Amino acid sequence: MHKFPRLNLIAVYNKECTHVLFCHRQKNPYQGLYNLVGGKLDEGEDALSGAYRELYEETGIGKEDIELRAFGSFSYALEGVTLEIFFGVLKRDVTLVAEANPLKWFSLDTNFFDGSRFAADGNVGHILKIIERYQDIAFAKKQ
């Protein structure tokens, strides 16, 4: 059986839950469009560890800055890819350190379904809409 490459996407919300972090893709796929941060999981790496590693590499945001939660995963058989998706709310203000792709915060009232600005053929908008639907759970602060 073919084992799909595993990728991750991470929706990072600011501590007030008013903005979400994007990277501006500098290469294909989706060159020139904004996408959630993420990358490839290493061989044998579990999904959560890979998400924290990629998040730190791409943004400078570490485990002490955010608690990631699983959103879900998608397998795209025609593209041969499995996508692991996480989200989290920053615990404090951070100084972003971009790796290869410039980083930008977008207000949650942005149209993330706009294919002329955002990657993933509407999937980014879908993911953020589902997280918003469950915001009482997703953005619950630990007591």
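How big is Rg to Rh over the range 55-121, alpha-carbon atoms, Rh as the Kirkwood inverse-mean-distance radius? It would help to have the intermediate numbers written out before the result.
Values: Rg = 14.2 Å, Rh = 14.3 Å.
Checking Rg against Rh, the ratio lands at 0.99.
At 222 nm, what helix-only mean residue ellipticity would the chain give, in deg cm²/dmol to the nearest 500, using -39500 (n - 2.57) for each DSSP H run of four or more? Please report the intermediate quantities before stating the final value.
Values: 3 runs with 28 residues, N = 143.
Counting only the DSSP helices, I get -5500 deg cm²/dmol.
With the convex hull drawn over the C-alpha atoms of the chain, the volume per residue is 118 Å³.
Near Pro29, once Lys and Arg are set to +1 and Asp and Glu to -1 for all other residues with Cβ below 13 Å from its Cβ, the sum equals +1.
Over the range 6-138, what is the relative contact order in whole percent, taking alpha-carbon pairs under 8 Å and six or more residues apart? All intermediate terms of the calculation are to be shown ahead of the outcome.
On the way: 243 pairs, mean separation 41.4, N = 133.
Relative CO of the range 6-138 lands at 31 percent.
Rounded to the nearest 5, what is the percent of antiparallel bridges among the DSSP beta bridges in the range 6-138? Roughly 70 percent of the beta bridges in the range 6-138 run antiparallel, per DSSP.
Bear in mind that the values in this text are calculations on the coordinates, not laboratory data. Being a predicted model, the structure only gives us computed values, none of them experimental. Note that each Cβ is placed from the backbone with ideal geometry, even for glycine, and that neighbours are counted across all protein chains shown.
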